[in-house]
1. To one decimal place, what Kirkwood hydrodynamic radius in Å is obtained for region 1-47 from all pairs of distinct Cα atoms?
2. Arrange the residues PHE516, PHE488, PHE757 by how much accessible surface each exposes, largest first, with a 1.4 angstrom probe.
3. Please compute P(r) over all alpha-carbon pairs of region 619-675, binned at 5 Å starting from zero, and give each bin as a whole-number percent.
4. To the nearest 20 debye, what charge dipole does region 279-318 have about its Cα centre, counting +1 at the Cβ of each Lys and Arg and -1 at the Cβ of each Asp and Glu?
5. Rounded to the nearest 10 Å², what accessible area does LYS183 show when all protein chains are kept and the probe is 1.4 Å?
6. For region 47-125, which trypsin sites (Lys or Arg not before Pro) are in a loop by DSSP, counting at most 16 other Cβ atoms within 10 Å?
7. Using only Cα atoms, what is the ratio of the radius of gyration of region 70-119 to 2.2 N^0.38 Å?
8. Based on the Cβ-Cβ distance of LEU124 and SER443, what FRET efficiency does E = 1/(1 + (r/R0)^6) give at R0 = 45 Å, to the nearest 0.05?
Amino acid sequence: TIGSCMKSVGEVMAIGRTFEEVIQKALRMVDESCAGFEPERFDQELMHRGTQDVEGEVKQELHKPSPVRIWSIAKAYQLGMTVSEVHELTRIDRWFLSKLYHIHQIRCSLKSMDFNELASTPCLMHEAKRCGFADRQIARDLRIVEAVPLSPRADPDMYAGGHVKELHIRKLRQRLNIVPVVKQIDTLAAEFPAETNYLYLTYSGTEHDVSLSAIPKATDSDSDMAVQSKELTNGARSNGQRPVMSRIVVLGCGAYRIGSSVEFDWCSVSCVKALRSLGHEAIVINCNPETVSTDFDESDRLYFEELCHETVMDIVELEQPFGVVVSVGGQTPNNLAMGLHNHGVRILGTSVEAIDTCENRFKFSKLCDTLRIDQPEWSEFTTVEEAFHFVKRVSYPVLVRPSYVLSGAAMRVVPSDEELERFLRTAAVVSREYPVVISKYVSGAKEVELDAVAQNGDIVNYAIAEHVENAGVHSGDASLLLPAQKLFVETHRRVKAIGQKICRALKISGPFNVQFMCKENEVMVIECNLRASRSLPFISKTYNVNFIEIATRIMLGMPQRPVTIQPMEMECIAAKVPVFSFARLKNSDPRLGVEMQSTGEVACFGVNQYEAFLKAMISSGFKLPTKNILISIGPSQQKVEFVQYAGLLVDMGFQLYATKTSAEFLKTQGAIDVMMVHKPFIKREPNALTMIKTGKIDLVINVPDSMDSQALSDGFELRRAAIDSGTSLIVDVKTAIFTIMSLHRKYTREKSGKEFFSLKSWQEYCEPRDVVPAAGQD
């Protein structure tokens with residue numbers, strides 16, 4: 001429910017000349033799967049809720065708003081409600097509601113027409129575009145007519161009946177000369193000519209506000225481009241000017257959300273700075289007002305626009321750039337690569353075919369089989385029955401992975417037949433366009449990440465980081481240590497070798513990330529992303545080497561030598577820890593899984609892994625315990641793993657409390673002094689819930705039984721109570737163990753009179769030190 005407590009993790013800014021235009025743009029910016037102000041988005045929500053009373057649900061939504069309220073208004077209009085009726089329930093100003101109703105009226109007009117009728121009514125097409133309708137939105141609204149066969153000489157993109165496609169609408173409006181113009185935000189109140197860099201596209205205009213004369217293309221060859229880039233850069237240094245060789249479009253990160261945040265903006269800005277320093281004109285497309293990339297002076301031109309195929313194609317046709325960079329803005333621009341490539345846009349860096357191979361789970365799994373790279377046993381499926389057939393062969397648990405998704409969205413670890421059927425029926429992940437891959441889930445494996453930059457299939461620079469948590473926790477929710485601290489030398493060697501093998505097979509030129517499962521020196525690949533990962537800024541700042549700057553030079557075809565990185569010689573360790581917003585999301589289950597949930601992250605440095613990790617935990621909001629700790633661990637294997645570390649807590653003077661089975665195990669297997677407390681649903685005292693709510697517990701360690709949420713369970717009540725009362729919470733056994741080890745190291749050093757925390761600047765940790773010659777030496 002939306003209320004006085006802020007819950008959003010990001011925002012967008014849409015610019016246009018009508019309210020209808022900007023609201024529809026903004027809705028698409030927030031959710032790329034949404035076409036605009038339409039009731040279908042609310043229909044999806046009703047399906048998820050499983051309700052049959054559509055009108056009652058709509059009225060409830062209008063009265064008590066949630067994040068999908070705007071689409072419930074579209075549904076209300078579809079159901080025949082008037083502006084006045086919606087106003088009475090929402091108290092939204094009638095001016096806004098009437099504008100939204102105008103969108104509804106245009107949609108009704110479109111639905112009454114087929115493609116040919118629209119072609120003969122250009123005024124409706126123009127009004128729809130002026131009011132923010134996307135090409136795909138118009139295509140979906142038109143009536144379908146019976147298809148007729150095309151002649152062999154006909155344009156294959158010509159509409160000949162059947163379903164109308166986005167491309168058909170694009171071709172039609174270009175034929176009717178209904179094309180957008182580039183407008184500039186006037187920041188000087190028309191008193192002087194505006195020179196601001198904020199540009200946007202609109203259909204409410206007749207001429208451009210800026211000159212769009214294309215920079216002459218000196219070459220169409222990447223190698224020639226690299227030579228000229230070097231010559232122009234040298235010339236710029238000699239005369240202090242920056243000659244412009246060609247235009248390069250950089251796609252930004254879009255709205256901050258779970259899975260895509262400021263780390264990708266850092267990558268975009270680093271790419272833009274590198275391009276400009278090399279003599280190129282950098283054009284940024286982004287819609288996020290919170291980013292540095294949307295500052296007016298960071299790029300040569302800034303389009304505050306949607307990151308969608310239609311808009312990027314419009315800008316490319318207007319600006320005529322040499323190429324487009326899709327690999328520095330996260331998953332959103334990466335998903336556009338194939339469509340842009342198919343329409344003749346040059347994608348700089350790694351080939352689009354390679355990107356598709358990695359994004360399509362089936363193709364990538366087949367590639368690993370061809371290269372004889374170990375991976376968990378897998379199979380593709382397009383029906384639920386095929387999924388059950390595979391599970392009978394490999395047994396549970398299994399991991400279900402759709403293609404082209406943001407940060408594990410719609411991905412699940414499934415432990416049983418019932419859970420598998422429920423997930424597949426309700427999550428709508430089964431697709432014939434991109435088959436879903438199901439694989440055996442390997443329990444107890446360590447997850448390791450390889451982040452690298454490559455040129456023509458050879459790794460130039462790389463970094464290997466290890467997760468504190470085992471595989472099964474999304475990499476965005478995991479705690480990372482860099483350099484890796486507990487990897488066998490053979491594991492490190494194999495991770496690098498497999499990464500290089502994949503790199504050569506895909507002929508990668510640019511940034512990429514590979515995730516591995518490692519167990520007893522056995523290394524298996526989880527997935528590969530041919531773009532900058534969210535860890536790349538962290539790695540760049542830890543090693544003091546800008547990986548994106550290197551990648552940009554490579555994507556331009558310039559030769560690049562490896563930058564010397566010596567992890568073994570580093571005098572510090574860096575730890576990255578996630579930050580969650582569960583306190584803002586009432587009744588959400590604060591637990592970790594394969595779908596990302598964190599909304600931020602922190603990184604800290606230390607002289608050892610324990611100091612760095614504890615600093616990072618404190619920076620993320622974790623409060624160090626001082627007296628009482630509550631333990632409730634579900635899985636038997638994890639009880640066995642945890643028992644020896646419970647003894648360290650006792651040694652440090654903590655009073656331990658535990659729920660029944662955990663208390664019995666700690667007493668019998670570890671001779672641990674622990675007090676038993678009752679679970680929340682057992683209405684007896686002493687009760688764990690009461691102790692948390694009254695502030696008697698400093699830290700709750702609760703490890704759930706399975707990877708999927710069990711609402712209304714004792715564990716959920718404990719976790720939720722800890723969040724709501726501001727009590728520190730740990731839900732992963734590996735995180736709990738490493739936290740205890742770090743606390744014990746702090747306790748031991750301080751007990752002996754030594755300081756545990758070191759306070760140094762980033763420069764003291766990471767920048768190379770000048771070597772002072774010894775006495776008597778020159």
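1. Details: mean 1/r = 0.0819 Å⁻¹.
In region 1-47 this quantity evaluates to 12.2 Å.
2. Working: PHE516 0, PHE488 125, PHE757 65 Å².
Largest accessible area first, the residues go PHE488, PHE757, PHE516.
3. 4, 19, 32, 23, 13, 7, 2, 0
4. It works out to roughly 60 debye.
5. Its accessible surface works out to 20 Å², give or take rounding.
6. Loop-located and lightly packed - ARG91.
7. Scaled against compact globular proteins, the figure is 1.29.
8. Working: r = 58 Å, r/R0 = 1.30.
Working from the Cβ atoms, E equals 0.15.
The values are calculated or read from the model by the stated rules, or taken from the named source; none is laboratory data. Small disclaimer: the values here were computed from a predicted structure and weren't measured. Heads up, the Cβs are rebuilt from the backbone with ideal geometry, glycines too, and the neighbour counts pull from every protein chain shown. The protein model used for the area step is the full one, side chains on, heavy atoms only, and it has no ligands, DNA or RNA in it. Shrake-Rupley method; radii C 1.70, N 1.55, O 1.52, S 1.80 Å.
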